[in-house]
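The values are calculated or read from the model by the stated rules, or taken from the named source; none is laboratory data. Only a predicted model underlies this, so the values are computations on that prediction, with no experimental measurement involved. Neighbour counts run over all protein chains shown; Cβ positions are idealised from the backbone, glycine included.
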Amino acid sequence: MNNFNRRQFLGAAGAGVLTVGFSLTSEAQAAPNLAAAKSVAKDALDSWLTIDKNNRITLYVGKVDLGTGTKTALTQIAADELDVAFNRIEMVMGDTATTPDQWITGAAITISQGGSELRIAAANARLALLQRAAQQWGVPVSELVVSDGVIGHEASRKTASYGSLIGQGFEVKVDPKVAVKKHTDYKLVGQSIPRVDIPGKVSGEHPYVHDLRLPGMLHARVIRPLQIGASLQGFDDAPAKRVNGFVQTVRQGNFLAVVAKTEWAAIKASQAIQATWTAGPDLPAKATIFEAWRKMPLAKEEATQKVGDVAQALSSGARSVKATYNFSVQTHASIGPSCAVADFQNGQLVCWSASQATHSMQHELAVITGLPKEAIRLVYLDGSGCYGRNGHEDATADAALIAIKIGKPVRVQWMRQDETALAPKSPPRSMDLEGSLDAQGKITGWKGDFYIALNHIAAFKPLDFPLLAASDTGIPRPGNWVGFLFQNAGAPYAVPNILVTTKHVQQTFLRSSHLRSPGRIENSFANESFMDELAAAAGSDAAAFRLKHLTDARASGVINAVLKASNWQSRPSATQVNAGNIARGRGISYVRYNNAITYVATVAEVEVNRSTGQISVTKVFVAHDCGQIINPDGVQNQIQGGVMQTVSRTLMEEVQWSGSTINSVDWASYPILRFPDTPTVQTVLIDQPGQPAWGAGEQTPTTVPAAIANAFFDATGVRLRTIPFTPASVHTALAEAGRKAA
């Protein structure tokens, strides 16, 4: 056989000799058969699960799986509690007509809150069925056993499947105090059960919202300017009408959309329509954004942590350290643009959405459309990734508004510039820290001032999220949908005198929503970078310094575990700086998420190219204690993914703007980490059987920025205090340090 190399293969293909085509997907997903509406009351057991005559169990869960493997983990929890095989269970998630409202899906609460609620429901179901069998057979419940959904009584040799006992349903209330299984009786929890979603994603058969097609469905594109605050003065859709497949234009206030028979026709029509917009007010200057952020009006200022007499400690310390840290505006930048499908028939609106908060969306769409909440149904389908509210909710509202206007099913998919420029942003952050040390190198005082966005959802108000369709149509909404940004602002170490103050900026200048580990990642970056600066001032090894200020055994446990995994060599940071072009260093960071749940310690190893200013993160070691582990492989996936995403956020991600125009519109203007630049990640999972199961998605990212910053200091002897650490900022920091040294 003749050798045929890749270059020859491509050349032959280009010459028309060989044409090969394949598709990972079959035909676009057919129109789904919507399940009939059922009870969704959280206190009704029938809201949570049904059982058919063949002993197949369907669970109804208000949470959704955003690609994090929670569908698999939640199934493990329920299967163990029900005493059934894993593959006997199917799960419906995030359908407002069939699943209970379990609030939003978030990595910190999906397992801890959502899994706990599901476990209680499953335990109630098992008990109810045992009681039915006991009553029918006239025997005590204590004499019954269950094996894979079949109840048995050894003495009488009677058996009955769950399906044979279910009748018309459970028809009982959920007892929140029901006895659940002991962890020693778990058979599936703690096992790396393969994720149920992966095979379909590999084969291309997994249904995404982008694939959904309804009979008679049309396609739409919304036309929006990149200028924040611009208003629509007028439009000429004559050029759009000449596009083959154009159907109509939709306008309501500043909301402008084109509807077409095909997606390509909708794209061409949206590009052809000629819209005139007023200029929006200038945003704060990008170059001085952190100074501007500090000067913006405050809604309130409060002490979130206060211990002892900080003023006295700071004034009497043997040594003192001050530093300011900044975290730039970032965006979700989902790999695929958001999409949604909506259908409005007979006064009823159905939306297929990738929203992480489908039940909340009922409220939001009711405000925008004027429909009663009861007339709106949200059905979750996987989207292009989330980790906070990106463009999915916006696309859903767009589709809903258009569907009602035209009376036909419509699919709305955003364009790349929509997703990158117009999806909500994380607000900027600026943080001042000051600390004092005694003569023995222990911290005596810790003072922090954190400039954060106002916590609009502290009271769980679902209508505070400012969807574009709402503001476009004249419905005033608050400018940000972020909450709990004060979390992890408090000092995470045992210090006798602490004062941490959060300064809540009244209004962000860009539309804001949660972006992975909201608040905690910025606050932990500041705290853990500052802890490293204190360790350096004390002449201490950075890890030993942390351990000296911790009294929690589980906190010390993750730090010691990551030190062992990374082969940490004890020494003060920056004591092995070399003058070569490539400098290497390692840094450590620790967090207890919310100062209340999951413990994480991370060590990052970096290489710094002094000539190019490029930081390469080569290895990351993570020790992770999230209590009882449900699915070890799933936890490891979350740790690895969190590291990769946060390395990207730390080294390069930053929204750019000028005047009122957002300039970050694509992967060139908003670059993200590429595969060749990803580090190797080694994880140490610390299981705590019998302890509460906590989140594993948002926690690791909070440790990564400071670990990289501290590793950079170890390599160069220079501090980086503003995220992202771009080559330009590295050059500036190194040059400034060189001038000071001279």
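Side notes on the structure shown:
- Residue match in the stretch 591-600 (condition: free of Cβ contacts under 8 Å to residues at least 60 places away in the same chain and surrounded by fewer than 22 Cβ atoms within 10 Å (Cβ to Cβ)): yes
- Among (1) within 30 Å of ARG520 (Cβ to Cβ); (2) within 20 Å of the chain's Cα centre (by Cα); (3) not acidic (Asp, Glu), the one test that GLN362 misses: (2)
Conditions tested, residue by residue: (1) surrounded by 20 or more Cβ atoms within 10 Å (Cβ to Cβ); (2) over 22 Å from GLU263 (Cβ atoms).
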{"residue": "LYS306", "(1), (2)": "no, yes"}
{"residue": "ASP309", "(1), (2)": "no, yes"}
{"residue": "ALA323", "(1), (2)": "no, yes"}
{"residue": "PHE327", "(1), (2)": "yes, yes"}
{"residue": "VAL341", "(1), (2)": "yes, no"}
{"residue": "SER353", "(1), (2)": "yes, no"}
{"residue": "LEU371", "(1), (2)": "no, yes"}
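- Test for ALA134: is it among the aliphatic types (A, V, I, L, M), touching a Pro at 6+ places or on another chain (Cβ under 8 Å), at negative phi and not assigned by TED's automatic domain parsing to the domain that holds GLN356: yes
- A Cβ distance below 8 Å, combined with a sequence gap of six or more or placement on separate chains, defines the contacts here; from the stretch 531-543, residues that are more than 19 Å from LEU314 (Cα to Cα) reach residues that are surrounded by fewer than 20 Cβ atoms within 10 Å (Cβ to Cβ) and aromatic (Phe, Trp, Tyr) in the pairs ALA543/TRP568.
- Residues that are within 22 Å of the chain's Cα centre (by Cα) and surrounded by fewer than 23 Cβ atoms within 10 Å (Cβ to Cβ) do not occur anywhere in the stretch 566-574.
- Filtered residue count, the stretch 528-558, keeping only those that are crowded, with 24+ Cβ neighbours inside 10 Å, touching a helix residue (DSSP H, G or I) at 6+ places or on another chain (Cβ under 8 Å) and under 22 Å from GLN305 (Cβ atoms): 8
- Single unsatisfied condition, ALA220 versus (1) over 35 Å from the mean Cα position of the chain (by Cα); (2) surrounded by 19 or more Cβ atoms within 10 Å (Cβ to Cβ); (3) small (Gly, Ala, Ser): (1)
- Residues located in the stretch 355-369, provided they are part of a helix (DSSP H, G or I) and either surrounded by fewer than 21 Cβ atoms within 10 Å (Cβ to Cβ) or out of contact with any strand residue (DSSP E or B) (no Cβ under 6 Å at 6 or more places or on another chain) (or both): HIS359, SER360, HIS363, GLU364, ALA366, VAL367, ILE368, THR369
- Residues (aliphatic (A, V, I, L, M) and crowded, with 16+ Cβ neighbours inside 10 Å) located in the stretch 265-291: ALA265, ALA266, ILE267, ALA269, ALA272, ILE273, ALA275, LEU283, ILE289
- Answer residue from the stretch 550-572, given it is among the aliphatic types (A, V, I, L, M) and part of a helix (DSSP H, G or I) and is farthest from ARG592 (Cα to Cα) among those: ALA565
- Residue among GLN645, GLN636, GLN656 that is surrounded by fewer than 17 Cβ atoms within 10 Å (Cβ to Cβ) and at pLDDT 95 or above: GLN656
- Candidates are the residues of the stretch 195-215 that are aliphatic (A, V, I, L, M) and within 23 Å of the chain's Cα centre (by Cα); the one that is nearest to MET91 (Cα to Cα) is VAL196.
- Residue within the stretch 159-166 that is in contact (Cβ under 8 Å) with a residue 12 or more places away in the chain and β-branched (Val, Ile, Thr) present: yes
- Scoring ILE402 on the criteria (1) at positive phi; (2) not acidic (Asp, Glu); (3) not in a loop (DSSP other than H, G, I, E, B) leaves a single failure, condition (1).
- Per the listing GLY634, GLY690, GLY641, GLY717, the residue uniquely assigned by TED's automatic domain parsing to the domain that holds GLY557 and out of contact with any helix residue (DSSP H, G or I) (no Cβ under 8 Å at 6 or more places or on another chain) is GLY641.
- Entry remark, the stretch 550-569: residues being under 11 Å from VAL684 (Cα atoms) and of a type in the set (A, V, I, L, M) number 6 in total.
- The residues on offer are ARG674, ARG586, and the sole one that is closer than 30 Å to ALA536 by Cβ, out of contact with any Ser or Thr (no Cβ under 6 Å at 6 or more places or on another chain) and modelled with pLDDT of 95 or more is ARG586.
- Unique residue being of a type in the set (Phe, Trp, Tyr), in contact with a strand residue (DSSP E or B) (Cβ under 8 Å, 6 or more places away or on another chain) and surrounded by 24 or more Cβ atoms within 10 Å (Cβ to Cβ) when the list is PHE525, PHE509, PHE486: PHE525
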